[in-house]
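**Q** Submitted below is the structure of interest, expressed as structure tokens.
Read-outs throughout are calculated quantities, based only on the coordinates presented, and are distinct from any laboratory measurement. Note that the coordinates shown come from a computational prediction; the quantities given were computed from them, not determined experimentally. Every residue, glycine as well, gets a Cβ built from its backbone with ideal geometry; the counts of neighbours run over all protein chains shown.
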Amino acid sequence: MSDSFFGGDFGPPADDPDDTDGRNGAGGEAGDGGDQPDEFGRVGLDAPDEFLEQGDAVYAALLARLGEASPEPRLSATRRVVELLGDPQRSYPVIHITGTNGKTSTSRIVESILRAHGLRTGLFTSPHLERLNERMMIDGVPISNEALAANWSDIEPFLELVDAELEAAGEARLTFFEALSVLAFASFADAPVDVAVIEVGMGGEWDSTNVADGQVAVITPISLDHTARLGNTVAEIARTKSGIVKPASQVVTAQQPAEALTELARAAELTESTFAVEGEAFRLLESKVAVGGQLVSVQGLAGTYRDIFLPLYGAHQGHNAAVAVAAVESFLGGGTQAIADDVITEGFATATSPGRLQLVGIEPTVLVDAAHNPGGASALAAAVGEYFTFDRVVAVIAVLEDKDVAGIVRALDPVVTEFVITSSSSDRAIDPDELASIVVGIAGADRVLVEPRLEDALDAARESASGSEKGAVLVTGSITLVGEVITRAAAEGWKGEEK
């Protein structure tokens, strides 16, 4: 990290915006490298990553902590660490994003527009699909293993100090996500970035990312999820998520159920923040199917942007894009200045959302989507019906405990021909036979196949889909499952690439 936080001499000064080399830089995906740096000083695609083991060691150290499925509802522990570090999260402005569905996609679109505007960006999202580095993006590229390991080495003594203080007070040591949040804040300060787009891990009020004060608070659609942690009603969940709204900030929200909107409006009023609601202050005017995505027209807070290509499928992504536009307008000009046409065009065109209706295979078509609650599954089903002309869809499903399996399956049922039930590597994955019994009750036994081993499930699904001229495989229900399939598809060359 920069010497402003540790008093040491670590690399280039913090005011050097062109530093993307060495430990401060953003490198490629793990295992990628290259003998010639690109225009940003990043390595290419051929040479091995000599810091791969160090990056792996950071993940192993995080995994030794209490997992993300069991967050501690507290801010004090994270706040103590960042205070010891000199509050790195205050060294750049923050756009803070929460909600139930669409958080990651909206975050990525916001970041893409900001980068097109010429800002150096940090993006923190969760969870990762294949590798931890994905969660911390600098200028649109996963943080390098070298930078990841170096920043971890800098913060680890302070994590251990706070661990000791917590244990002495009879509290649990810092969790996986608390430590990871600190690492992200420190890494962005070290880069340094001009702005950080921070996605909440769970909830909002006590989520460890909430030690940051977002100038813009963004809320994507809220529905029932994580009820054991966040509350049993949409209003309770909205109340918790509204905790990211800070004094005199700018609040941008997607369309919400009435009870959620009431809670968000109350939070904005109490903090004397501005409050922009989709459908009132801004809106998605139109979404038209296009090759490789859609053409969207958005009326923002300050400008209207027509027929802009967005390489993402589904009307829900059009709505996410509208929210992202309003968020960026709020950040750049307080909602009073339109975004330049070339910036919005580039920002949309370069937006990606891995694991969201992502094509990972051809012959047959294999799509993966990280939908893991009824709201996400409904959006997925609508997109499949609107954007594709499949005559047979074979869904490979694995779901984690505490999820609304029946709600997910009912949402998918109208567009799925056959369900192949399996399991992911997560220790929270529902037993395939238990999962199958729920699916059979909705879809009927003649449409359900159980293959406990993921490899067997994928083989069976691809074979079944290949029996139809326009057959496709849809993998969904669990982010862990989607990540594993993305990895396998790439390793086996499902898109026809050389292995």
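**Q** Among ASN373, ALA395, LEU458, whose Cα sits farthest toward the positive end of the charge dipole of region 358-492 (+1 at Cβ of Lys/Arg, -1 at Cβ of Asp/Glu, about the Cα centre)?
**A** ASN373
**Q** For region 335-429, with only Lys/Arg (+1) and Asp/Glu (-1) charged at the beta-carbon, what is the dipole magnitude about the Cα centre, in debye rounded to 20?
**A** 220
**Q** What does the C-alpha gyration tensor say about the overall shape of region 51-196? Classify as rounded when a/c is under 1.5, otherwise prolate if a/b is larger than b/c, or oblate.
**A** prolate
**Q** Rounded to the nearest angstrom and ordered from largest down, what semi-axes does the equivalent ellipsoid of region 365-499 get from its C-alpha gyration tensor (root of 5λ)?
**A** Values for region 365-499, descending: 20, 17, 14 Å.
**Q** Treating the beta-carbon of each Lys and Arg as +1 and of each Asp and Glu as -1, no other charges, what is the dipole magnitude of region 358-492 about its Cα centre, to the nearest 20 debye?
**A** Roughly 300 debye, rounded to the nearest 20.
**Q** Something else about it: Quick one: which of LYS103/LYS470; LYS470/LYS495; LYS288/LYS470; LYS103/LYS403; LYS288/LYS403; LYS103/LYS495 span more than 26 angstrom between C-alpha atoms?
**A** LYS103/LYS470; LYS288/LYS403; LYS103/LYS495, as the Cα separations exceed 26 Å there.
**Q** Given C-alpha coordinates of the chain, what is the ratio Rg to Rh with the Kirkwood estimate of Rh?
**A** 0.95
**Q** Follow-up question, since we're still on this one. Rounded to the nearest 500, what is the 222 nm mean residue ellipticity of the chain from helices alone, with -39500 (n - 2.57) per DSSP H run of 4+ residues and division by all residues?
**A** Result for the chain, helices only: -12000 deg cm²/dmol.
**Q** Counting only DSSP beta bridges with both residues in region 276-376, tell me the antiparallel percent, nearest 5.
**A** 95
**Q** Could you order peptides 426-432, 58-64, 240-246 by the average number of other Cβ atoms within 10 Å of their residues, highest first?
**A** 240-246, 426-432, 58-64
**Q** Now a separate question. At R0 = 51 Å, how high is the FRET efficiency between ASP433 and ASP341 if r is their beta carbon distance? Nearest 0.05 is fine.
**A** Computed FRET efficiency for ASP433 and ASP341 comes out at 0.40.
**Q** If you take every DSSP beta bridge fully contained in region 358-492, what fraction is antiparallel? Give it as a percent rounded to 5.
**A** Taking every DSSP beta bridge with both residues in region 358-492, the antiparallel ones total about 20 percent.
**Q** How large is the charge dipole for the chain, taken about the Cα centre, if only the Cβ atoms of Lys, Arg (+1) and Asp, Glu (-1) carry charge, to the nearest 20 debye?
**A** I would put it at about 1640 debye.
**Q** Which peptide among 315-327, 462-474, 128-140 comes first, and what is the full order, when sorted by highest mean count of other Cβ atoms within 10 Å?
**A** 315-327, 128-140, 462-474
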